[in-house]
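The values are calculated or read from the model by the stated rules, or taken from the named source; none is laboratory data. Treat the numbers as computed from the prediction; the structure is a model and nothing was measured. All Cβ positions, glycine included, derive from the backbone under ideal geometry; neighbour counts span all protein chains shown.
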Amino acid sequence: MSLDIGPLRVRFGDRPGVVNIENLTIADGEIVGLAGESGSGKSMTTLAVLGLARTVGATVEGSIRLNGRELVGLPERDMRQVRGRRIAAIFQSPAMAFNPVFRVGSVASRALRLHGLTGTEAADRMAIGMRQMLLSADLLRRYPGQLSGGQLQRVAIALAIALRAQVLLADEPTSALDVTVQAEVLDLLRGLRATEGMSVLFISHDLAVVAELCDRVAVMRAGVIVEQGEAAQVLAAPTDPYTSDLLAAVPALPPALPGLPPALPGLPPAPPGGLQ
Amino acid sequence: MSLPLLEVSDLAVRFGPVRAVDGLSLRLPAGPFGLALVGESGSGKTTTGRAVLRLIRPAGGAVRFDGADVMRLRGGALRAFRRAAQIVFQDPDGSLDPRMRIGNAVAEPLLAHRLAPRALARERAAELLGEVGLEPALAGRYPHQLSGGQRQRVAIARALSVEPRLLVLDEPTSALDVRAQARILELVGRLRKERRLAYLLITHNFGIVSELCEQTAVLYLGRVVESGPTGELLGRPAHPYTVALRSAVPEIDPQQRRSRVILHGEPPDATNPPPGCVFHPRCPLAIERCRVEVPVLRQVGGPVGPAGSAGAAESAGLADRLVACHRAEEVLAS
């Protein structure tokens, strides 16, 4: 499914818009990065697409189309069918997505049943999602506090898979994770596009992460997209000075000395010992 | 090596059955000097930082600061240590009182240590805010009126107010976006020169250590699995875990992007560490020996030859290249 954003304006009261997007398109099966520093309007864009900007007191004007269908101004009852079912979202803190007093699986099951699935269907679909995220279904019996941040984020993605969402809004989903876990989650997101054909809007302040994952990138500053295009091209030859600033801020590893193995010899492709 | 500023030997910290730190040793010379502690969540890096500052009582081992046993300090000597060793936490919100104005927060340690009367402390606070790149006029603001990066600067100014010789920087930038992070790292680099600071930089991201830390220790499950000069360790890691951590750092340049070593699974349960090498359940190179025999931390070769040629580095007073892996030579040679 494609998501077409813009022209879109999000504002608080009479103050100038915090988001002013002329045009941002995520084509079917495409991963698009939305990059910018804190306060640039990335997350407000997510909320606007989800029809949740109102909940923080913002006003949304303009147009957001999902496969050509206008979402701005859609009655809440219809929006509820879109949110979760068609467009799923994961956030920086996966713990916020789960009620700490319920088992992870029961939160997931409830979300799936709200979208019309029976309990059995919900369990089956969740099992598939968990497998795709390389997680043991046993984790569903645990409470959120008993899972690591990386595991919990992957359960949230498994739920999006179970909902058969076609667009995933990923708002800084790896910023709170260790780099090792981040690498794993990025790998899984890549696979998700391959197997599910999911379109992903990936929001991040870190252009290195965007470079690793995204087909195209849009760079946002003060609510305005200052540059967008093919990720490889924008990052290799940015035209906007703000993009260059963001690139310069990415911490760089020293170049590998000659002799650093490209990979460990004999690396097994599958996790040792199967699913966790 | 002359007397180190900080020497941690065989440190052990337990939380009930959890062995958070298990036989860890470190040396930090007097500043300007940076030592990075790198590892995933649960590797014991934060616990080590806190034990060094005597914020947690260890179950075993020793922490020496200027040659004195930190755990035995009392009275004036303890107060002097509390002043000489400061910490900057990951989350500046947790370390700043939301109801205290910035200026007062920075002046507070000066008053607590009776280093300055109130009026002078206020003046010093304004100077310190300038030193960390903040407008002294911000002194009248409350923490919530500042950005995350600004709040972290305030936390640094507050730590510097008592003129410490040792700073523990516990993931000082992981709550910040990359631009704010770059500015904080630049600040640390400037301060280390100007104030001749020695610091432990605790992080999970190898990307931020190379400019700021001469040496790096890689931690896994409360143990040092590899340590040595940062450039060499990052350029030619000898432990498979270091290789994986290094390869996990996202790179903009596709040429620099090496085949990624994805570590599956989580670090093991620290209440019940696996037998043999603690890394073997996740290690792509694990062999039978790794499952039964604990690898000791040992010296490995310098930039060229295999083990045994590291003597030159030792005599030059540099830290040794140490690794705890049965197959380190193969990792280095591959």
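When restricted to residues that are more than 12 Å from residue A:8 (Cα to Cα) and not in a helix (DSSP H, G or I), region A:43-69 contains 9. If we scan region A:243-250, do we find a residue that is under 30 Å from residue B:41 (Cα atoms) and either buried (at least 22 other Cβ atoms within 10 Å of the Cβ) or touching a strand residue (DSSP E or B) at 6+ places or on another chain (Cβ under 6 Å) (or both)? Among the residues of region A:243-250, at least one is under 30 Å from residue B:41 (Cα atoms) and either buried (at least 22 other Cβ atoms within 10 Å of the Cβ) or touching a strand residue (DSSP E or B) at 6+ places or on another chain (Cβ under 6 Å) (or both), which makes the answer yes.
I'd like to check something: does region B:301-319 contain any residue that is at pLDDT 75 or above and either assigned to a loop (DSSP other than H, G, I, E, B) or within 26 Å of the chain's Cα centre (by Cα) (or both)? No, region B:301-319 has no match at all.
Scanning region B:14-28 for residues that are surrounded by 19 or more Cβ atoms within 10 Å (Cβ to Cβ) and under 16 Å from residue B:66 (Cα atoms) turns up B:26, B:28. When A:155, A:200 are checked against the criterion of being closer than 23 Å to residue A:26 by Cβ and among the hydrophobic types (A, V, I, L, M, F, W, C), a single residue qualifies: A:200.
Within region A:140-154, at least one residue is within 14 Å of chain B (Cβ to nearest Cβ), under 15 Å from residue B:266 (Cβ atoms) and at pLDDT 95 or above. For region A:130-142, state whether one or more residues are touching a strand residue (DSSP E or B) at 6+ places or on another chain (Cβ under 7 Å), touching a residue at least 24 places away in the same chain (Cβ under 8 Å) and crowded, with 22+ Cβ neighbours inside 10 Å. No - not one qualifying residue is present in region A:130-142.
Filtering region A:119-144 to residues that are under 14 Å from residue A:159 (Cβ atoms) and of a type in the set (A, V, I, L, M) leaves A:122, A:123, A:126, A:127, A:128, A:130, A:133, A:135, A:137, A:139, A:140.
A count restricted to region B:85-106 and to residues that are of a type in the set (A, V, I, L, M, F, W, C) and under 20 Å from residue B:197 (Cα atoms) stands at 5. If you go through region B:213-240 and keep only what is more than 20 Å from residue B:49 (Cβ to Cβ) and facing chain A (nearest Cβ under 10 Å), you end up with B:231, B:232, B:234, B:235, B:236, B:237, B:240.
Out of B:3, B:55, one residue alone is more than 14 Å from every other protein chain (Cβ to nearest Cβ), in a loop (DSSP other than H, G, I, E, B), free of Cβ contacts under 8 Å to residues at least 60 places away in the same chain and out of contact with any strand residue (DSSP E or B) (no Cβ under 6 Å at 6 or more places or on another chain). It is B:55.
Mind checking which residues of region B:241-286 are of a type in the set (A, V, I, L, M) and at the interface with chain A (Cβ under 7 Å from one of its Cβ atoms)? Across region B:241-286, the qualifying residues are B:243, B:244, B:245, B:248, B:249, B:252, B:261, B:262, B:263, B:285.
Only residues that are surrounded by 23 or more Cβ atoms within 10 Å (Cβ to Cβ) and either in a strand (DSSP E or B) or more than 8 Å from every other protein chain (Cβ to nearest Cβ) (or both) were counted across region B:198-212, and they come to 6. From the list A:95, A:89, A:170, A:122, the one residue that fits, being in contact (Cβ under 8 Å) with a residue 24 or more places away in the chain and over 22 Å from residue A:183 (Cα atoms), is A:122.
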